[in-house]
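First the structure, in the form of structure tokens, and then the observations on it.
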């Protein structure tokens, strides 16, 4: 039996748009997409808490944790130096806060993680094109 969401034309368009965006993206763009995905899931989780939709909250926070975990796993702690180590610690903190937010249905914890992710996203988006294509960012995926 197919999932009802797959019959929604807007959902299908979103899936196609995401697939084509990922297919043609460089590593810099992929990190931005992951950050946007985590932020989107956190927003869904906040709305789910307001609606007291526990299932949707748990699913959205689980997706956000998975994305943050993926960003963390992509760090090369040897090549990335202190920046990568600091990001590793920050991502670990965010994962724990997201888990706590899920357990306690606490929007303020979600807002805290969202703010941290926005800071990382702004820094990452501000990296000049010349630096993105050079070897400067090697080993520090998800690092501004």
Sort out which residues of region 50-89 are assigned to a loop (DSSP other than H, G, I, E, B) and modelled with pLDDT of 95 or more, and write them in order of number.
51, 52, 53
Any hit, region 116-124, residues being modelled with pLDDT under 95 and either in a helix (DSSP H, G or I) or in contact with a strand residue (DSSP E or B) (Cβ under 7 Å, 6 or more places away or on another chain) (or both):
yes
Return a yes/no flag: does region 15-30 have any residue that is more than 24 Å from residue 132 (Cβ to Cβ) and modelled with pLDDT of 95 or more.
no
Might you let me know whether region 33-41 holds any residue that is within 24 Å of residue 133 (Cα to Cα), assigned to a loop (DSSP other than H, G, I, E, B) and free of Cβ contacts under 8 Å to residues at least 24 places away in the same chain?
no
If you go through region 78-102 one residue at a time, how many are farther than 13 Å from residue 65 by Cα and over 15 Å from the mean Cα position of the chain (by Cα)?
10
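The values are calculated or read from the model by the stated rules, or taken from the named source; none is laboratory data. Only a predicted model underlies this, so the values are computations on that prediction, with no experimental measurement involved. Please note: Cβ atoms are built from the backbone with ideal geometry, for glycine as well, and neighbour counts cover all protein chains shown.
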